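Below: the structure, in structure tokens.
The values are calculated or read from the model by the stated rules, or taken from the named source; none is laboratory data. No experiment lies behind these values; they were computed from the predicted model shown. Because the Cβ atoms are built from the backbone with ideal geometry, glycine has one as well, and the counts that use them run over all protein chains shown. Side chains included, ligands, DNA and RNA excluded: accessible areas come from the protein's heavy atoms. Shrake-Rupley method; radii C 1.70, N 1.55, O 1.52, S 1.80 Å.
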Amino acid sequence: MRIPYELLLGWRYTRAGRATRRNGFISFISGVSMLGIALGVAALIIVLSVMNGFQKEVRDRMLGVVSHIEVYGPGGGVLADPQRTLQEATRHPQVVGAAPFVAAQALIARGEDMRGTLVRGIDPALEPQITELAAQLRDTALARLVPGEFGVVLGAELARAMGVREGDPVTLVAPSGQVTPAGIVPRLKQMTVVGTFDSGHFEYDSGLVMMHIEDAQRLFRLEGPTGLRLRLADLHQAREVAAELSSSMSGAVLLRDWTRQNRTWFAAVQLEKRMMFIILTLIVAVAAFNLVSTLVMTVTDKRADIAILRTLGASPGSIMGIFVVQGATVGVVGTLAGLLLGLGVALNIDVIVPALENALGATFLPKDIYLINRMPSEPLAADIVPIAVISLVLAFVATLYPSWRASRVNPAEALRYE
């Protein structure tokens, strides 16, 4: 098969200076452009993969504790008819699990140490249908939650901060007090720690207390559960299912899906991801447009060659094609190198980051500051394909003007002083 001479000459000009020293500087500038494109593409892939992994890791750990959808009573009070609400919710084909719960805030104290907590009253028999965390604790901590014994399961960070372990007593202080002849005094109840849990999500590990739903109703003087927790077959359909249930369920109920419970956090991650994409794309653009200077110098250096090709019958389109091939080759090689480097780092970041931490003696993600303590990564084709396409397009656009200038070289003027 005959290869067009434009491709051969474009490839030869790309390699100019590698065999000889005559055009070494042009070759150096071409290599710098190629390296810049590769590093820009790699940086884009690594950063977006880490952000995707961070979002997925936090979402998975969050959903290990929270439900896909929560159904509340009006004004945060108890549900008017919990059984009917439960039946109406489970009729939806997407709902694969449902459990009642009581949610309230309280203070937990041990000695002089007192901390604010979120108290969740659960049904140990039904809760494992809702979250992965409850399923893991089904036969251990949750099995010890017996109604009437007032046992509690604490987050591991909360238990560590208060210095308590299994079997230790703690005091739970309800927010609303009770009226006595001496005035309003807070309601106190001594509880027994029957277990701890570690969800991997610092916010819940440091502030969540679980107890039996019947004990929670007695403590907070409620006549029934304050809501239902639902698990769906497809968590990504939570918003649509919540809208459908809201229109089909009877009574005054409020529904909130998991995307709305942490809407601010997810919106912030998406905004950061878009801004990082734009900023790092500018790095690729700068590297790609370095090709302009490379090709301009190549055109200036090859004016005599261009003139000879024109006198031999080469058309302006062919001359333009030669330099487009040269610039596109730099863009393609740089993009491919960046893809390999970026994917190599993104897929092995769980090995690279610990090695860097050990070498530098530093911790990049302290557990008490960030929601997770390891660097996650999840390369997605939806990110990688646009990155590669944008890099190639920018490299191609950068070649157009120098290539057009090459096609406009006058052979007589170029050969006058040769």
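When you count, for each residue, the other Cβ atoms within 10 Å and take the mean per peptide, how do 224-231, 393-400 rank with the highest first?
Listed from highest to lowest mean packing, they are 224-231, 393-400.
For the pair Q87/A135, report the inter-label distance in nm, with labels modelled 7 Å from Cα in the Cβ direction.
2.8
Which peptide among 306-316, 94-104 comes first, and what is the full order, when sorted by highest mean count of other Cβ atoms within 10 Å?
94-104, 306-316
Order the following by accessible area, largest value first: M320, M51, M114. Probe radius 1.4 Å; ligands, DNA and RNA are ignored.
Accessible-area ranking of M320, M51, M114, largest first: M114, M320, M51.
Just how large is the dipole of the chain about the Cα centre, in debye to the nearest 20, putting +1 at every Lys and Arg Cβ and -1 at every Asp and Glu Cβ?
For this selection, approximately 1820 debye.
Among 242-253, 34-45, how do they line up by average Cβ neighbours within 10 Å per residue, starting with the highest?
My ranking of the peptides, most packed first, is 34-45, 242-253.
Where Rh denotes the Kirkwood radius from the mean inverse Cα pair distance, what is Rg over Rh for the chain?
Result: Rg/Rh = 1.23.
Kindly sort L340, L107 by accessible area of their heavy atoms, largest first, with the probe set to 1.4 Å.
L340, L107
Between V397 and S248, 0.36 nm times their residue separation minus their Cα-Cα distance comes to what?
Working it through step by step, the gained length comes to 48.2 nm.
Tell me the Rg and the Dmax, in Å, that the Cα atoms of the stretch 233-319 produce.
Cα only, the stretch 233-319: 29.3, 88 Å (Rg, Dmax).
Give the angle, between 0 and 90 degrees and rounded to the nearest 10, that separates the Cα long axis of helix 5-14 from the longest principal axis of the Cα atoms of the chain.
That works out to roughly 70 degrees.
For the chain, what does the helix formula give at 222 nm: sum of -39500 (n - 2.57) over DSSP H segments with n ≥ 4, over the residue count, nearest 500 deg cm²/dmol?
-17000 deg cm²/dmol
Probe radius 1.4 Å, ligands and nucleic acids left out: which of Y72, Y204, Y401 has the largest accessible area, and how do the rest follow?
The residues order as Y401, Y72, Y204, largest area first.
Once both axes come from the Cα atoms, what is the angle between helix 349-360 and the longest principal axis of the chain, in degrees from 0 to 90, rounded to 10?
That works out to roughly 90 degrees.
Calculate the dipole size of the stretch 172-285 relative to its Cα centre from +1 charges on Lys and Arg beta carbons and -1 charges on Asp and Glu beta carbons; express the result in debye to the nearest 20.
260
Rounded to the nearest 10 Å², what accessible area does E57 have for a 1.4 Å probe in the complete protein model?
Number for this one is 30 Å².
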